[in-house]
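Here the structure is laid out as structure tokens; the discussion comes afterwards.
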Amino acid sequence: QAILVQASTDQVLPSLSAGLPLVAASTMGVEDRPTDVEAAREAEHFQSEKVEASKKDGGCCRCCPLRCRRPRCWLIACGVLVPVIGLLLTIAYLALRHILFNQAQEGFYQLGSGVREFTTSGLVMANITYNIWWPGCFYVSNMSDFESECGSPCFTAARKLAMQTLNEENPGILVTYRSRSGLGKEDSSSTGWWLPALTNGSSAPRIVLQHGFQENTNHFRTMFAAYILRSLGFSVLMNNFRDHGYSASSPQQIAMWGDDRYVGDLLGAWDYAKNDPDGVLGGSLPASKVGLMGFSLGAFTTANAFGREGEVPAAWIDGSPFRPDSVFNFGARQAMDGMGIGFLADLFLGGVWSDLEKQAAGQGVLWSQNLPEKNLPLGPDARRPTYLVANTDDTTIPNAGLDSDFAELLATFEAYPSKYDVIGTFVTSGQCKGIDHCVDHLRAFDEYSSRLCNFWRLVFGLSVDTCP
């Protein structure tokens, strides 16, 4: 047995010893294989895990953040995309706001060429009717230009001929006067047309007529209104704001809206019409015989001046804004609608308006210094007559609706029954050859003239029997 065991052992041990080099070699391969092979296998293993995770998460880096369930993926996707998207939106917002601000400057802040239009040498009352722009007829240069009835049905060629005849036979003169002391900050002078009544020119009641935004006395609105007033027996002083028409330039030369300067210019004209300091109007008149009338911005200034000066007997206010910002918002929304971005109006307009006001204030011009809601409560308890005109189709002033500028202005007057007597309102609709702002005295000439005559003759204590 011992011999058998030994023999068996002798046979096995050689075979085991023969296998040891293979095992040793195998063990040495695990420890000493090349590093690049090991890295490749690890990368392959990591990629396999990544694919499996992507399948489980539904491709989380394609979604952010709702479908992502892995924090790491969420941080990578959203942590990069959100700031980038936010930056792009901010850049787009600032760029669009800059564009809107520039457009607002041109339309609301800066004064255009129209403020000095039709004031060239040689243009006088005797020829002005056929040397200005008219709705439907555009720029005319001869009375024969009206013969085609280019203004019909808004106005007739016969009406223009009557206006030309009146102006030619009673041409009037240009007069210069100072803005009211204490209002307007810088001392300024204004120049406007003195147009006496056809009869009793020196003693006839006088009305100071104020033009609107981006215009002057020589534009069609005020020229036609002056013709109506003179035909009804009143003398007219047509005032130009500073920087407009024949008036002196200001250091700022920007639109001044509710600033004291415009109120001072208008009340300076009223002082001149009342006192006749140069002796060219036929003598002074009592304050009760000198009224105010205005269109658009001129109507806004008329309302402000009416509240500030308690001796003005009455005011006719046609197409007045209630606040400058309401006019801005109304026009800007229409412009943005035309650009296809009206849905962004609420996001931008408040900031743009604030920038405009700050820029004006930087030049010492305070657009909201005078507002009807501020000034009308200052008037005396004298139940002074007032008349308001508005067109609900107006695309310049928001006149339609319970919250319109017209409704707010009317409500403000009516809130002080001891101070103001709103004798009437003339609320219309319609256009004059595509123009819808302050044109009712052209397009509804007969009714407008009748209302105007009855109002002013009542104010001045005259018989209304001669009114049309």
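The values are calculated or read from the model by the stated rules, or taken from the named source; none is laboratory data. Everything quoted here is computed from the prediction, not taken from an experiment. Cβ placement follows ideal geometry from the backbone for every residue including glycine, while neighbour counts extend to all protein chains displayed. Accessible surface areas use protein heavy atoms only, side chains included; no ligands, DNA or RNA. Shrake-Rupley method; radii C 1.70, N 1.55, O 1.52, S 1.80 Å.
Assorted remarks:
- Scanning the stretch 139-148 for residues that are surrounded by 16 or more Cβ atoms within 10 Å (Cβ to Cβ) and either acidic (D, E) or over 12 Å from F220 (Cβ atoms) (or both) returns D145, F146.
Yes or no, residue by residue, for (1) at pLDDT below 95; (2) part of a helix (DSSP H, G or I):
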| residue | (1), (2) |
| --- | --- |
| L402 | yes, no |
| F406 | no, yes |
| V422 | no, no |
| F426 | no, no |
| R451 | no, yes |
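- Residue-level analysis places I173 outside the set of residues that are under 23 Å from D265 (Cβ atoms) and open to solvent by less than 10 Å² (accessible area, probe 1.4 Å).
- Residues of the stretch 302-324 that are in contact with an Asp or Glu (Cβ under 8 Å, 6 or more places away or on another chain) and either under 19 Å from R261 (Cα atoms) or of a type in the set (S, T, Y) (or both): S320, P321, F322, R323.
- Taken over the stretch 236-251, the criterion of being aromatic (F, W, Y) and either outside any loop (DSSP other than H, G, I, E, B) or within 17 Å of G364 (Cβ to Cβ) (or both) is satisfied by F241 alone.
- Condition met for R230 (in contact (Cβ under 8 Å) with a residue 60 or more places away in the chain, open to solvent by 20 Å² or more (accessible area, probe 1.4 Å), within 26 Å of R457 (Cβ to Cβ) and assigned to a helix (DSSP H, G or I)): no
- Matching residues, the stretch 408-441, being closer than 17 Å to T392 by Cβ and of a type in the set (A, V, I, L, M): L409, L410, A411, V427, I435, V439
- The stretch 345-395, subset touching a helix residue (DSSP H, G or I) at 6+ places or on another chain (Cβ under 7 Å) and of a type in the set (V, I, T), residue most open to solvent (accessible area, probe 1.4 Å): T395
- In the stretch 348-373, the residues that are touching a residue at least 12 places away in the same chain (Cβ under 8 Å), in a helix (DSSP H, G or I) and of a type outside the set (D, E): F348, L349, G351, V352, W353, L356, Q359, A360, P372
- When residues in the stretch 310-332 are screened for being buried (at least 22 other Cβ atoms within 10 Å of the Cβ) and assigned to a loop (DSSP other than H, G, I, E, B), 6 of them pass.
- The condition of being outside any strand (DSSP E or B), surrounded by fewer than 17 Cβ atoms within 10 Å (Cβ to Cβ) and of a type outside the set (A, V, I, L, M, F, W, C) holds for only one of G107, G151, G136, that being G107.
- Residues satisfying the stated conditions in the stretch 299-331, i.e. farther than 23 Å from R180 by Cα and of a type in the set (S, T, Y): S326
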